[in-house]
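Here's the structure we're looking at; comments come further down.
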Amino acid sequence: MFGGLFVTASMLGMLRDYIELNHLHVPECLQAMEKYSPTSRLSLDEWSQLLQMIAARSPRPALGLAIGACVAPKHVGIIGYMALSCSTVGEALLRYARYQRLVYDGNPGSVIADGDAIEIRWGVERGVPGPLVDETAISLFISYVRFLVEEPLKPLLVTFVNPPPADITPYTEFFGCPVQFADTVTRVRFPLSH
């Protein structure tokens, strides 16, 4: 489905952490992850399948938000450590946009300054991986940005290209801002003051 699109296998550590933290029994998922070293890459299709295996054992609304919240620098490879050297969120966003293919080689992101805000957008030109893949990606992105800054960080807006879930409350609570669905792009908007 998404031939040629990849994620870094270091993100599998985030899945392992989620599995361990929630005491899930998913031997098929753990076995599938064993074939990857942290420095290798796995296809976006395989990443999606692993997330679906976890979803089958951990059926809960907004599962991707909980998985992405387990992110740590070691899970996002070199880009995670590069971001640690940035002095502002804007600088980290620009660095992420430039090097994102090292971590997530899916739809490319672009950083746009818009008045008193800065946002990163991901289009759909390479396909729509689906709600679980997208919410995991945006959750880990936001969780990692929050890790980088000392003060609590709330985006101004988060949008997804996917249809809305039955209840958007977990999304607005997690992101701390309005969340929209069925948009033309997936985006995260921050105030320039960060």
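The values are calculated or read from the model by the stated rules, or taken from the named source; none is laboratory data. Predicted, not measured: the structure shown is a model, and the values here were computed from it. Quick note on the areas: whole protein, heavy atoms, side chains included, nothing else; ligands and nucleic acids left out. Shrake-Rupley method; radii C 1.70, N 1.55, O 1.52, S 1.80 Å.
Here are the numbers for the structure shown:
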| quantity | calculated |
| --- | --- |
| Cα centroid separation - the range 127-194 against the range 107-121, whole Å | 13 Å |
| Whole-Hz ³J(HN,Hα) from phi, Karplus 6.51 cos²θ - 1.76 cosθ + 1.60, for the range 28-38, glycine and proline x | 5, 5, 4, 5, 5, 6, 4, 6, 10, 8, x |
| Full-stretch length increase - Ala55, Ala72 - with 0.36 nm per residue and alpha-carbon distance subtracted | 4.0 nm |
| Rounded accessible area of Asp134 (nearest 10 Å², 1.4 Å probe) | 20 Å² |
| Stretchable slack from His23 to Ala166, in nm (0.36 nm times residue separation minus alpha-carbon distance) | 48.8 nm |
| Gain upon complete extension [Ala117, Phe181; 0.36 nm per residue less C-alpha separation] | 21.0 nm |
